Amino acid sequence: MLKILKYTLFDLLRSRWSYLYFAFYLVFTAALLFLSGDVSKVVVSLMNVILILSPLIATMFGVMYYYNSRDFIELLLAQPLRRTHIFWGQYLGVALSLSVSLLLGIGIPFTFYGIFHAAGLGHFLTLLMDGIILSFIFSGIAFLIALRHENKIKGFGLAILMWLFFAVIYDGLVLMLLIWFRDYPLEATSLGLALFNPIDLSRILILLQLDISALMGYTGAVFQKFLGSQMGMLLSFGALLLWLLFPAWGIRQSALAKDF
Amino acid sequence: MKRRTLCFLLLCWVMALQAKIIVVCASCPIQSVKQAIEQAQDGDVVRIESGVYREGLLLVDKKISISGHNFPVLDGGGKDEILIIHADSVLVEGLEFRNAGRSNLKDLAALRIRRSRHFCIRNNRIFDAYFGIYVERSAQGCISDNQVLGKSEKEATSGNAIHAWYADSLEIVNNYLSGYRDGIYLEFVNHSQVADNLSEGNLRYGLHFMFSNDDEYGCNTFRDNGAGVAVMFSKRIFMFDNLFDHNWGTAAYGLLLKEIYDAHIAGNRFTQNTIGIFLEGATRIEYRHNLFKNNGWAIQMTGGCLDNHFSANDFETNTLDMVVNSRVNNNTFNGNYWSEYAGYDLDRDGTGDVPHRPVKLFSYILNQSPESIVLLRSFFIDLLNYSEKISPVFTPQEVSDQSPLMQSVL
């Protein structure tokens, strides 16, 4: 598995798209830091971009890479290798290369800014971790979708739809639900609903870091209990980790069952 | 005329001659403060040298000055009040009050001023009292440069650092108040001034007005209180140049206005409060040159607020600038700076060419369903806000700034 991972990783790290992705984050973060010296402000601005962009790019990369390397996968399948290792190796390679782009793209400007001696280190690390986890989750789901659909158009469409669902539509549905049933106590429900969307989870994790917890706690006791304590942090982080496992498990199941 | 002046000077000289200084210390002829006060006559000075004096309740009913040297400690033994002033023209300075009594039935205070005029309480320290300084039915007094520190934990079982009830023309200046229920509490207190105080870490309010008219407070700092300042049922209060900082929590306001009329709020800074100003039934109020920065909600306006006029204020990077829960109102916003403003200024006159609507769709939604705060800063909400901004449907059209500034005023 490690060999396949290594091969995929180096293959992708040489690709021009990885550089472009890296360069985008580099320029964007540097510009933000240059324009406003306040770390927490920069983190909020970056958050909006990372929460949308890193899942989108991960989705596209995942699907594209799978379809492009189909011939290579078929070649590998003829070798005495375990199937799960082949697919996991490729998936992790894609996710890692994206994470490296993100890590360096955001990390380099912040390092030059002197984040390791600044007050907002915690915010920055949470943001980075969120971005990386989201890259892993969404490239995994994209891989899974591609694996299950031979038809490229269908695969692409589904992957984009999946991204759109989590990034935009889901929040709209939640909002509609909250407004429809506003006569009922919905605190626990709204928090519970957030657990089912990795993008929402990451957003809440960052907002908790940014002291907005008090603002959210204003709404009621359940929020206060959840957001004001370490429990909220741990629970949302745990849910994110579960989200990480889901595509890996799905890839394994599909890979084992698939007939090439 | 000359003669009269001469007479007056002579009188002064005679009086000065009569005033004597009674020194209290461990090795002096008089070792007890109580005894010294008994011996003193109007105009005398009781000078207390450093040391610990455990004498229980002391009553001052003469026009004397009590002056501590190197902060002598008056220890109340935890039973009763320590010092009660029941005379006009009394000065108390340089004392330290410890172990005043606590009671849930009586409002015990370390230092009580009762029916006194022209009193002055300055440069004292009060530790862990139930009420720190309690002024009742008094006037023309000054309370300045005192430190009143407490360790209150529950609102219901704690008192206020400075508490005034039925008073007139007080000056409360440059005190440090921390760890009580309210830093300063004024009830039926008129024509008074509260300035340069630092009130922080109090359970309820940093400063609290009830039924008090024609007062002003300025240049104070209110930090980390349950809520910075509450002004309730009062008229003609002038609030200027105060700092309301980090009154942050589940129900924390920088400034709470409830049933107040004809106030001026100018030059204040509201930073990092959950709600900058919360208004309920606030009428005829001018807001000028205030800064609202990094608050959760800069202004939350609920029912019955009429004739509030906001001009030349700065609204910078608040999560939500404005929440209004009624459509019908005649409050105006004119010439403020909004960091959220996305308009343009083609004619270069310093004000934006399109009006700014500070109420976002999301604040409207939050009003309908508070739980939707979990969607704060999500992409979908940004989209909604944007489309609402372009064509307002839900948010009140009238709440808008016709000439938003392009540059901050402060």
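Can you list residues whose amide H is under 5 Å from B:Gly51's amide H, if they're 5+ apart or on another chain and H is modeled 1.01 Å from N?
B:Val73
Evaluate the distance, in nm, between pseudo-label points positioned 7 Å from the Cα of A:Leu235 and of A:Leu173 along their respective Cα→Cβ axes.
2.1
Indicate the helices, whole DSSP H runs only, in chain B that combine a mean Kyte-Doolittle hydropathy of 0.0 or more with a Cα extent along their long axis of 18 angstrom or more.
B:2-18
What chymotrypsin sites (Phe, Trp or Tyr not before Pro) in segment B:279-365 are in a loop by DSSP, with at most 11 other Cβ atoms within 10 Å of the Cβ?
Answer in residue order: B:Tyr344.
List the residues, sorted by chain then number, that are 5 or more residues from B:Val46 or on another chain and whose placed amide H is less than 5 Å from its amide H.
When sequence neighbours closer than 5 places are left aside, the close amide H contacts are B:Ile22, B:Ser65, B:Ile66, B:Ser67.
Taking the dipole about the Cα centre of the protein assembly as shown, with the C-beta of Lys and Arg at +1 and of Asp and Glu at -1, give me whichever of A:Met162, A:Leu2, B:Ala36 is farthest to the positive side.
Result: A:Leu2, furthest along the dipole toward the positive end.
Sort A:Trp17, A:Trp243 so that the residue with the fewest other Cβ atoms within 10 Å of its own Cβ comes first and the one with the most comes last.
A:Trp17, A:Trp243
Relative to the longest principal axis of chain A, what angle (0 to 90°, nearest 10) does the C-alpha long axis of helix A:121-148 take?
For helix A:121-148, the angle is close to 40 degrees.
Arranged by the count of other C-beta atoms within 10 angstrom, fewest first, what order do A:Met64, A:Met129 take?
A:Met129, A:Met64
Could you size up the charge dipole of segment B:213-336 around its Cα centre, putting +1 on the beta carbon of Lys and Arg and -1 on that of Asp and Glu, and report it in debye to the nearest 20?
Dipole magnitude for segment B:213-336 comes out near 180 debye.
Within a 10 angstrom radius of the beta carbon, how do B:Tyr130, A:Tyr91, A:Tyr184 rank from fewest other beta carbons to most?
A:Tyr184, B:Tyr130, A:Tyr91
What pairs from B:Lys20/B:Lys151; B:Lys79/B:Lys154; B:Lys154/B:Lys293; B:Lys62/B:Lys235 go past 28 Å between their alpha carbons? Walk me through the intermediate numbers first.
Working: B:Lys20/B:Lys151 39 Å; B:Lys79/B:Lys154 20 Å; B:Lys154/B:Lys293 30 Å; B:Lys62/B:Lys235 35 Å.
Going by Cα-Cα distance, B:Lys20/B:Lys151; B:Lys154/B:Lys293; B:Lys62/B:Lys235 fall outside the 28 Å limit.
With r defined as the distance between the Cβ atoms of B:Ile30 and B:His264 and R0 fixed at 45 Å, what FRET efficiency is calculated, to the nearest 0.05?
0.30
Can you compute log10 of I(q)/I(0) for the protein assembly as shown with the Debye formula, treating each Cα as one identical point scatterer, at q = 0.10 Å⁻¹?
-0.98
Going through segment A:12-50, which trypsin sites (Lys or Arg not before Pro) have at most 14 other Cβ atoms within 10 Å and a DSSP loop state?
Here the trypsin sites (Lys or Arg not before Pro) that fit, given the DSSP loop and packing criteria, are A:Arg14.
Using Cα pairs closer than 8 Å and at least 6 residues apart in sequence, work out the relative contact order for chain B, in percent.
It comes to 6 percent, rounded to a whole number.
Among A:Ser97, B:Val46, A:Ala30, which residue has its Cα positioned farthest towards the positive end of the charge dipole of the protein assembly as shown, with +1 placed on the Cβ of Lys and Arg, -1 on the Cβ of Asp and Glu, and the dipole taken about the Cα centre?
A:Ser97
Would you calculate the separation in nanometres between label points at A:Lys6 and A:Arg148, each defined as 7 Å from the Cα along the Cα-to-beta-carbon direction?
3.4
Based on the alpha-carbon gyration tensor of segment B:52-128 and its eigenvalue square roots a ≥ b ≥ c, which shape applies: rounded if a/c is under 1.5, prolate if not and a/b is larger than b/c, or oblate?
Oblate is the answer for segment B:52-128, as a/c is 1.5 or above yet b/c matches or exceeds a/b.
What are the ³J(HN,Hα) values, in whole Hz, obtained from phi via the Karplus relation 6.51 cos²θ - 1.76 cosθ + 1.60 with θ = phi - 60°, for each residue of segment B:79-95 in sequence order, with x given for Gly and Pro?
The phi angles translate into 9, 10, 6, 9, 9, 10, 9, 9, 7, 7, 6, 10, 10, 10, 9, x, 10 Hz.
Tell me whether chain A comes out rounded, prolate or oblate; compute the Cα gyration tensor, take square roots of the eigenvalues as a ≥ b ≥ c, and use a/c under 1.5 as the rounded threshold. Numbers along the way, then the final one.
Values: a/c = 2.21, a/b = 1.37, b/c = 1.61.
Cα axes put chain A in the oblate bin.
Explain nothing, just the number: dipole magnitude of the protein assembly as shown about its Cα centre with +1 on each Lys and Arg Cβ and -1 on each Asp and Glu Cβ, in debye rounded to the nearest 20. All intermediate terms of the calculation are to be shown ahead of the outcome.
On the way: 54 positive and 60 negative charges, 279 e Å.
The dipole of the protein assembly as shown has a size of about 1340 debye.
For segment A:1-59 and segment A:97-174, what is the centre-to-centre distance using only Cα atoms, to the nearest Å?
Their Cα centres are 9 Å away from one another.
By how many degrees, between 0 and 90 and to the nearest 10, does the Cα long axis of helix A:83-113 differ from the longest principal axis of chain A?
40
If the only charges are +1 at each Lys and Arg Cβ and -1 at each Asp and Glu Cβ, what is the size of the charge dipole of segment B:329-368 around the Cα centre, to the nearest 20 debye?
On the way: 3 positive and 5 negative charges, 49 e Å.
Dipole magnitude for segment B:329-368 comes out near 240 debye.
Near B:Lys389, which aspartates and glutamates are there with a Cα under 12 Å away, not counting those fewer than 8 places off in the same chain?
B:Glu340
For chain A, calculate the relative contact order in percent as a whole number, restricting contacts to Cα pairs under 8 Å that are 6 or more residues apart.
26
Name the residue from A:His149, B:Gly150, B:Leu410 whose Cα lies farthest towards the positive end of the charge dipole of the protein assembly as shown, charges +1 on Cβ of Lys and Arg and -1 on Cβ of Asp and Glu.
Comparing the listed Cα positions along the dipole, A:His149 ranks first.
Given only helices, namely DSSP H runs of n ≥ 4 each adding -39500 (n - 2.57), what is the per-residue ellipticity at 222 nm of chain A, to the nearest 500 deg cm²/dmol?
One gets -27500 deg cm²/dmol as the mean residue ellipticity at 222 nm.
Ordered by residue, what ³J(HN,Hα) values in Hz, to whole numbers, does segment B:184-198 give under the Karplus form 6.51 cos²θ - 1.76 cosθ + 1.60, where θ = phi - 60° and Gly and Pro are x?
Along segment B:184-198, the couplings run 10, 10, 10, 10, 6, 10, 10, 6, 10, 10, 10, 9, 6, 8, 10 Hz.
Search the structure for amide H atoms under 5 Å from the amide H of B:Ser144, placed 1.01 Å from N in the peptide plane, and list their residues when 5 or more places away or on another chain.
Amide H neighbours of B:Ser144, under 5 Å, 5+ apart: B:Ile121, B:Arg122, B:Asn123, B:Val173.
Counting each DSSP H run of 4 or more residues in chain B as -39500 (n - 2.57), what helix-only mean residue ellipticity at 222 nm follows after dividing by all residues, to the nearest 500 deg cm²/dmol?
The per-residue figure over chain B is -3000 deg cm²/dmol.
Taking a ≥ b ≥ c as the square roots of the Cα gyration tensor eigenvalues, with a/c under 1.5 meaning rounded and otherwise prolate when a/b beats b/c, else oblate, which class fits segment B:286-367?
Cα axes put segment B:286-367 in the prolate bin.
State, to one decimal in nm, how far the label point of B:Glu286 lies from the label point of B:Gln407, with both points 7 Å from Cα in the Cβ direction.
In this crude spin-label approximation the distance works out to 2.5 nm.
None of the figures in this text is laboratory data; all of them are computed from the coordinates on show. The shown structure was predicted, so the numbers you read here are calculated from the model rather than taken from an experiment. As a convention, Cβ positions derive from the backbone with ideal geometry for all residues, glycine included, and neighbour counts pool all protein chains shown.
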